[in-house]
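The values are calculated or read from the model by the stated rules, or taken from the named source; none is laboratory data. As the structure is a computational prediction, the values presented were derived from the model and not from experiment. All Cβ positions, even for glycine, are placed from backbone atoms using ideal geometry, and neighbour counts span all protein chains on display. Ligands, DNA and RNA are excluded from the accessible area calculation, which covers all protein heavy atoms including side chains. Shrake-Rupley method; radii C 1.70, N 1.55, O 1.52, S 1.80 Å.
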Amino acid sequence: MSTPSFDDALSPGVQAPSYEEVTGYTKAGEPTLDFVRDKIEKRAAVAIGAEELASAMPESRELDDLLAERDKAAKAKLEEIRKSMG
């Protein structure tokens, strides 16, 4: 009775991942399309999540209100300056 080899333990059709699948880059050093797509999707998801978290915080709403008041005051001051200049 022989001992099973490592190759015998693998199912037929199972292959190790390629260099590109593991690293996300070709052997020439260029990123693969899947790597770039995953990176863009991750950045978009992080940005959306950060925006949702920030808007859910009460401090965020207070700052938005203060910014709106400041903008309103700035527009009023600009209008006043324009009227004074004729």
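Values as computed for the structure displayed
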{"read-out": "Residue within the stretch 2-12 that is touching a helix residue (DSSP H, G or I) at 6+ places or on another chain (Cβ under 8 Å), open to solvent by 100 Å² or more (accessible area, probe 1.4 Å) and at pLDDT below 95 present", "value": "no"}
{"read-out": "Single match in E41, E51, E69 (criterion: part of a helix (DSSP H, G or I), modelled with pLDDT under 95 and at negative phi)", "value": "E51"}
{"read-out": "So K75, is it surrounded by 10 or more Cβ atoms within 10 Å (Cβ to Cβ) and either assigned to a loop (DSSP other than H, G, I, E, B) or out of contact with any Ser or Thr (no Cβ under 8 Å at 6 or more places or on another chain) (or both)", "value": "yes"}
{"read-out": "Hits in the stretch 17-72 - residues which are of a type in the set (V, I, T) and open to solvent by less than 100 Å² (accessible area, probe 1.4 Å)", "value": "T23, T26, T32, V36, V46, I48"}
